[in-house]
Amino acid sequence: MAVRHNPWDIPTIEIPRRTVAGSDLDQKKTTTPGIVIIGSGAGGAAAAWALTRLGMRVLMLEAGPAYDPHSDYRLTSPDWERTGFPMKPGAQIPYSVAELQPLAPEYDQLRSWRRQGVQLNPGNRRLAAAYSHVAGVGGSTLHYTGEAHRMHPRAMRLKTDFGVGADWPLSYEELERFYLEAEGVIGVAGPENDPFRPRSAPCPLPEHDLSHASQRLGKAFDTLGLSWVPNNLAVASESIHGRPPCNYCGQCRRGCPRRDKGSADITFLHQARQTGLMALRTGANVTRIEAGPKDRVKGVHYRDGEGQEHFAPAEVVIVACGAVNTPRLLLMSQDSYAPEGLGNEMGQVGKNFMETLAWTSLGLHPDRLDGHRGLPADAICWSFNAPDSIPGVVGGCRFNPAQLEADIAGPLSYATRVTGGWGRKHMRRMRETFGHALGVSAIGECLPNPGSFIDLDPDRKDSAGQPIARIHSHLGEQELKRLDFMANNCREILAAAGVDELFEEYGNYDFFNTTHVFGSCRMGTDPDESVVDGDLRSHRWRNLFVMDASVFPSSGGGEAPSLTIAALAIRASRRLWEGKIS
């Protein structure tokens, strides 16, 4: 058996510490320059880890609160199923959604519905549901299910190979060593080999055993000639870095009180803070980045939780606020040096926005499978992940178990979403159906188009009087055809698994409802068509970087983005330290 990779086992050379002269980042008011990171999600946290590990001092500004896994995640409470992730004050950034496209009758089979065929959107136009995110120390990794995917190499060459979207300005091979580093810090569990994404070393931890429900689904995938393998997860299958192995409660999205899920706060940020080189300020709402002469930014203006204004001078500014709020901040940072907003010299900030393209089908299986046990997405099918794997469209998709991600997690969800009825009939039906739910979800490629972008809402402002981000979403014909393929295959897989009764289906056709968002500050080699270069630095502003999924030129065929965000941030941070970015 191959030896599993852990970056801490790699021999390292002694690196002299670099500090910013005169910095005292633990002062209440910073008055001297330093490296300022805005946002503590996957990108900001990985950058902080990489930079502090190399001896550089960092000030991290986080708009949201900090979470204590032991006290804030109340999975031991009797009413755990009534609440989702515990959103503290300030844990979500306000946004708006512009009017969405009309629905086409030829795609009525993609309408979302619940028990007894009730349409969740009875109108004739897409409705805004949610941009699901968390503002807090750790960002949206606090409530993610822990999927830790590498990009399919071919998804990084859509323009060259398929004439759509844009190419990545770096290759999979250039990113691979940084994937390894990120996987080691997070503690990724997964198969030793991946035929779709070549690895130079196995995952740090062995893959998780599949739940009984996922094993039953696996027989259906095998019958249909499709792959079904353990998923790569940022969830400990064995003890690592002082974290225990998973207990398979299935409630990753409600926050993990045991710390076996590798969210950014207990992995990258925990290790960064141990160096003593990172100062963290929560409740710090950045209002603008101040530009200066010679194509350099001077620092960051922010407001603390008490409404006091502060200015943090910076030698380097790293923006890591996500694909909705990063363009918002850059567009708000207007002054005489940047009249259209920072990085927006060619009008590209906010453009090329891509959302989650998803479908879920849920049904009842004749056997009790107890699908509420185990990990939410412990297995995955990559058979249609490549960009040319779906007939008639460009861009792939993946399939995974759905019941836990759809929150069919306990008796309350069965009582309200599955069984129906009242009184004794309801009780009898609960006994007959509990544990029988089985579902399949699909996530697919979303190509950029002119109708999907982020701008500033001209009418709505936040509590500080700043304009909020406005999301424009449009699904093109390629997305609708891909979504149709995803829905039909989810139904076919469930039928092959023995499901004879569907009770709920939903997707993006009639609702804007997204978790993964990408592309609004695209990286590329051409400043006319992108915002940052392959090192994640602004084409114009020499000390301004973007390190989140807004830099993605393509969304991939269903890959979760957090691992790639972290790998990109580690690579860019190391190149910054090495002086390859001046």
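Observations, loosely collected:
- Some residue of segment 515-530 being closer than 19 Å to SER361 by Cα, of a type outside the set (S, T, N, Q) and surrounded by 24 or more Cβ atoms within 10 Å (Cβ to Cβ): no
- Yes/no for GLU99 being among the acidic types (Asp, Glu), touching a residue at least 24 places away in the same chain (Cβ under 8 Å) and closer than 20 Å to ARG259 by Cα: no
- Taking the criterion of being hydrophobic (A, V, I, L, M, F, W, C) and over 28 Å from HIS539 (Cβ atoms), the residues of segment 279-299 that qualify are ALA279, LEU280.
- Of the residues making up segment 454-493, those that are farther than 27 Å from SER389 by Cα and surrounded by fewer than 23 Cβ atoms within 10 Å (Cβ to Cβ) number 16.
- Test set (1) without any contact (Cβ under 8 Å) to a residue 40 or more places away in the chain; (2) of a type in the set (D, E, K, R); (3) more than 22 Å from ILE93 (Cα to Cα) - ARG259 fails condition number: (1)
- Flag set for GLY350, criterion: over 19 Å from ASN543 (Cβ atoms), in contact (Cβ under 8 Å) with a residue 60 or more places away in the chain and under 25 Å from the mean Cα position of the chain (by Cα).
- Under the condition of being in contact (Cβ under 8 Å) with a residue 60 or more places away in the chain, surrounded by 16 or more Cβ atoms within 10 Å (Cβ to Cβ) and under 18 Å from LEU342 (Cα atoms), the residues counted in segment 284-315 number 14.
- Breaking point among (1) more than 27 Å from ILE565 (Cβ to Cβ); (2) in contact (Cβ under 8 Å) with a residue 40 or more places away in the chain, for ILE318: (1)
- Summed over segment 428-478, residues that are farther than 30 Å from THR416 by Cα and in a loop (DSSP other than H, G, I, E, B) total 17.
- For segment 95-145, a residue qualifies if it is more than 30 Å from PHE268 (Cβ to Cβ), among the hydrophobic types (A, V, I, L, M, F, W, C) and assigned to a helix (DSSP H, G or I), and exactly one does: LEU110.
- Once segment 247-256 is narrowed to residues that are touching a residue at least 60 places away in the same chain (Cβ under 8 Å) and under 16 Å from THR76 (Cβ atoms), the residue that is surrounded by the fewest Cβ atoms within 10 Å (Cβ to Cβ) is TYR248.
- Index of the failed condition, CYS203 passing every other in (1) outside any helix (DSSP H, G or I); (2) surrounded by fewer than 19 Cβ atoms within 10 Å (Cβ to Cβ): (2)
- Test for ALA236: is it touching a Phe, Trp or Tyr at 6+ places or on another chain (Cβ under 9 Å) and either at positive phi or surrounded by 19 or more Cβ atoms within 10 Å (Cβ to Cβ) (or both): no
- Taking segment 358-409 as the range and being in a strand (DSSP E or B) and polar (S, T, N, Q) as the test, the residues that pass are THR360, SER361, ASN400.
For every residue, the table says whether it meets (1) crowded, with 23+ Cβ neighbours inside 10 Å; (2) over 13 Å from the mean Cα position of the chain (by Cα).
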residue	(1), (2)
GLY556	yes, no
ALA569	yes, yes
SER573	yes, yes
GLU578	no, yes
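- Residue match in segment 288-300 (condition: within 20 Å of GLY465 (Cβ to Cβ) and among the small types (Gly, Ala, Ser)): no
- Inter-residue pairs, beta-carbon under 8 Å, first within 17 Å of ALA409 (Cβ to Cβ) and in contact (Cβ under 8 Å) with a residue 60 or more places away in the chain and in segment 435-457, second assigned to a strand (DSSP E or B) and of a type in the set (Val, Ile, Thr), 6+ apart: GLY439/THR360; VAL440/THR360; SER441/THR360
- Of the residues making up segment 64-101, just one is surrounded by fewer than 13 Cβ atoms within 10 Å (Cβ to Cβ) and of a type in the set (Lys, Arg), namely ARG82.
- Whichever residue in segment 303-336 is among the hydrophobic types (A, V, I, L, M, F, W, C) and part of a strand (DSSP E or B) and, among such residues, is farthest from ARG537 (Cα to Cα): PHE311
- Unmet requirement for ASN489, which otherwise passes all of (1) at pLDDT below 95; (2) more than 30 Å from ASN344 (Cα to Cα); (3) not hydroxyl-bearing (Ser, Thr, Tyr): (1)
- Just one of the listed residues (ILE390, ILE408) is within 25 Å of the chain's Cα centre (by Cα) and closer than 16 Å to HIS372 by Cβ, namely ILE408.
- Among the residues of segment 396-424, those that are touching a helix residue (DSSP H, G or I) at 6+ places or on another chain (Cβ under 9 Å) and free of Cβ contacts under 8 Å to residues at least 40 places away in the same chain comprise TYR414, ALA415, THR419, GLY421.
The values are calculated or read from the model by the stated rules, or taken from the named source; none is laboratory data. What you see is a predicted model, and the numbers here were worked out from it, not measured in a lab. For neighbour counting, all protein chains shown are included, and Cβ atoms are generated from backbone atoms with ideal geometry for every residue, glycine included.
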